[in-house]
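*Asks:* Structure provided below as structure tokens; questions to follow.
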Amino acid sequence: MPARRKIKLVIAYDGTDYHGWQIQPGLKTVQGMLCEAATSLLRHPTHVQGAGRTDAGVHARGQVGLIETAHPIAIDLLPLALNDCLPQDIAVLNAQEVGPDFDVMADVLRKAYRYTIHTGRLRPVHRIRFCWHFPGRLEVEAMRAASQYFVGSHDFRSFAAAVEEGESTVRTLFRCDVAQNCDGDPDTIAIDVEGSGFLHHMVRILAGTLIDIGRGHWPPEHVPVILAARNRKAAGHLAPAGGLCLEWIRFR
């Protein structure tokens, strides 16, 4: 009998038309579509386990999934074969065999997200699904100064939409950068966040808070006050899902 293989998949998707990553009965999800595609291709029930969840409407350039199969398909052919079974807004970018001890959730070291804002007066029609159209002037230097207060290990309870019982709300951010003129467009602002893990809606609340600072609602020095409050009501708006993208995941 052929030996079972563990295969790591790097996955990109436009999350606009999906109810998030995780399978939900009766709803269209990214994980559900991938499981259907893998089951059809490999001809046995195949579950695609994710390295983490993304919410409804959130995108990914570097989500990671894991399948187990005894099918002999060549690893270099697997992405193309899976993509033939997938809709056009989901793509498997890469497949790699991993060892039997690889754990797609427990072995995660870092994740990176990007939140994209477009401040131009006219909405960017060809990119509208992948940004928050926020017409108006934002003080990028104030946002940049505020972002540095998030770097390090902090209690991010104020930036969590919900917390499970007994869950620690301390997280470590290795980087939080705010950049203007992304991709040569002066109306585009990107917030890049890299951390060991994130709470529910944490990056979107962080982005909404930085935008509130950029429009002058708070000074940058108010961020430690928000962190110390440990209260969701102390932080800023929840930024829309469409501006958020999971960029990559790194493992042990």
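*Asks:* Just to be sure I understand the filter: pairs with C-beta atoms under 8 Å, separated by 6 or more residues or on different chains, first member in region 79-91 and more than 15 Å from residue 7 (Cβ to Cβ), second member part of a strand (DSSP E or B). Which pairs pass?
*Replies:* Partner pairs satisfying both residue conditions: 86/92; 89/13; 90/11; 90/12; 90/13; 91/11; 91/12; 91/13.
*Asks:* Could you tell me whether any residue of region 95-112 is at pLDDT 95 or above, on the phi > 0 side of the Ramachandran plot and outside the structural domain of residue 135 (by TED's automatic domain parsing)?
*Replies:* No, region 95-112 contains no residue that is at pLDDT 95 or above, on the phi > 0 side of the Ramachandran plot and outside the structural domain of residue 135 (by TED's automatic domain parsing).
*Asks:* When you scan region 50-60, do you find a residue that is among the polar types (S, T, N, Q) and farther than 27 Å from residue 204 by Cβ, even just one? Don't jump to the end; show me each part of the working.
*Replies:* From region 50-60, those among the polar types (S, T, N, Q) are 54; that's our starting set.
With the extra rule that they be farther than 27 Å from residue 204 by Cβ, the set shrinks to none.
Checked against the condition, which is being among the polar types (S, T, N, Q) and farther than 27 Å from residue 204 by Cβ, region 50-60 yields no hits at all.
*Asks:* Of everything in region 104-143, what is among the β-branched types (Val, Ile, Thr) and over 30 Å from residue 6 (Cβ atoms)? Give them in sequence order.
*Replies:* Once the filter is applied, which keeps residues that are among the β-branched types (Val, Ile, Thr) and over 30 Å from residue 6 (Cβ atoms), region 104-143 yields 116, 117, 119, 125, 128, 140.
*Asks:* Where in region 1-114 are the strands (runs of 3 or more DSSP E), entirely inside, with at least 1 residues that are touching an Asp or Glu at 6+ places or on another chain (Cβ under 6 Å)?
*Replies:* Because the criterion is at least 1 residues that are touching an Asp or Glu at 6+ places or on another chain (Cβ under 6 Å), the strands (runs of 3 or more DSSP E) in region 1-114 that meet it are 5-13, 59-69.
*Asks:* Out of region 119-147, which residues are surrounded by 14 or more Cβ atoms within 10 Å (Cβ to Cβ) and either of a type in the set (S, T, N, Q) or in a loop (DSSP other than H, G, I, E, B) (or both)?
*Replies:* Just the residues of region 119-147 that are surrounded by 14 or more Cβ atoms within 10 Å (Cβ to Cβ), to begin with: 119-120, 124, 127, 129-134, 138-140, 142-147.
The answer is 119, 120, 124, 131, 134, 138, 139, 147.
The values are calculated or read from the model by the stated rules, or taken from the named source; none is laboratory data. The structure displayed is predicted, hence computed values, not measured ones. In this analysis, Cβ positions are derived from the backbone assuming ideal geometry, glycine residues included, and neighbour counts consider all displayed protein chains.
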